[in-house]
Amino acid sequence: MSDEHLSCGEHRHDLSCREICDFMMAYLDGELPAGELAVFQEHMSLCPPCVQYLDTYKKTIALSKQCLDKEAAADPCSNAPKPPPVPDALVKAILAARKKSP
Amino acid sequence: MIDDGSLTERKPAADLSEADLLALLRAGDDEAFEELIRRHGPQMLAVIRRYLPEESDAQDALQEALLSVFKAIERFQGDSSLATWLHRIAVNAALMRLRTRRRRPEKPIEDLLPHFSDDGHRTEPRADWSVRPDDAAQNAELRGIVRTAIDELPESYRTILLLRDIEERSTEEVADLLELSLANVKTRLHRARQALRELLDRRLGESGRPGEMMR
Ligand SMILES: [Zn+2]
């Protein structure tokens, strides 16, 4: 079957890049069934654009984790500003609401 | 009840240790509540704003979050840190607010999904993705780009991405919280990541080489 492969832009697709794309999340979660995993890996071995897409997809996840500290507490960058204070009017409104609430 | 006499002298609220603050909170001390808002409110508000970019929504959610803190503080066991407990309450209040407020029209996500040619071929990414995620710690511009891109996601996708990829909640938990099927959570997370990837592809392209953003 490999003889029939043309390169991307030209290579033979058992599944198109579009369909392969839908496998990426399951692939990263280790949830692709064996048959689909084989098809996925075969496609990846022949399609540099899909390899690059998977790489940037993974980077996207990593970047969002790195750039949004979970608790917004310590910004990872030491000289970055802390979150701005709660506006005074809001502090007063919350304290007043607490007195009213049962 | 703790009265002022039980402390050798009453410290300014800002100097209280976390344990002393907690003791005063449990005793219903007014100043301690104000100190809690000033000390932990900024982080809570920053987290809420990720889910509710509109300021009035975010402020309402913070108020709801803190009112539930005031009611539940006696039950706070201290098995997680106070900050972690408050963080969870803030996220829950943001989700509650998203559920109860009037739905706003949402940008369609389709524009942000990858484009394929008619025969299903991929089109190449534009940007220079040589940036390493670890660079984020040193690179404020990169962090700004990523945060802005997340804010630009359509709301229902952003919420799922925040819960799964930032909060690291399980698919099952997110499905419960948002009353969606597991399959729906997975599909939406995948689309959200693809859309964020596309937004970053555009932004990183505009900024030139991300490596040069480092100063
Ligand atoms: Zn492909």
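Points worth noting:
- In this simple spin-label approximation, residue B:101 and residue B:187 carry label points 7 Å from Cα along the Cα→Cβ vector, and these lie 2.7 nm apart.
- Applying the criteria of a DSSP loop state and at most 15 other Cβ atoms within 10 Å to the GluC sites (Glu not before Pro) of region A:14-51 yields A:31.
- Helix content alone sets the calculated 222 nm mean residue ellipticity of chain B: runs of n ≥ 4 DSSP H residues at -39500 (n - 2.57) each, divided across all residues, give -18500 deg cm²/dmol.
- Cα→Cβ-extended label distance, 7 Å offset, between residue A:92 and residue B:179, nm: 3.8
- Calculated diffusion of region B:61-117, Stokes-Einstein form, Kirkwood radius summed over Cα pairs, 10 °C and 1.306 mPa s, µm²/s: 113
- Our coupling estimate for region B:70-77, obtained by passing each phi through the Karplus curve with A = 6.51, B = -1.76, C = 1.60 and θ = phi - 60°, is 4, 6, 9, 4, 5, 8, 5, 8 Hz, Gly and Pro reported as x.
- Relative to the 2.2 N^0.38 Å rule of thumb, region B:1-140 has a C-alpha radius of gyration ratio of 1.54.
- Modelled FRET efficiency - R0 41 Å, residue B:18 with residue B:141, Cβ distances, 0.05 increments: 0.75
- Pairs beyond 32 Å (Cα-Cα), from A:65/A:99; A:100/B:186; A:99/B:11: A:65/A:99; A:100/B:186
- Isotropically averaged projected area of region B:109-213, using the convex hull of Cα atoms (one quarter of hull area), nm²: 7.5
- Across region B:182-196, rounded Karplus estimates of 3J(HN,Hα) from the backbone phi angles (6.51 cos²θ - 1.76 cosθ + 1.60, θ = phi - 60°) give 4, 4, 5, 4, 5, 4, 5, 5, 4, 5, 4, 5, 5, 5, 5 Hz, Gly and Pro being marked x.
- When exposed loop sites are taken as GluC sites (Glu not before Pro) in a DSSP loop with at most 13 other Cβ atoms within 10 Å, the longest stretch of chain B clear of them is B:107-167.
- Acute angle (nearest 10 degrees) that the helix B:82-100 long axis makes with the longest principal axis of chain B, alpha-carbon atoms: 60
All of the numbers you see were taken from the coordinates with simple rules; none came from a lab. Just so it is clear, the structure is predicted and the values come from calculations on it, not from any experiment. Positions of Cβ are backbone-derived with ideal geometry, glycine not excepted, and every protein chain shown enters the neighbour counts.
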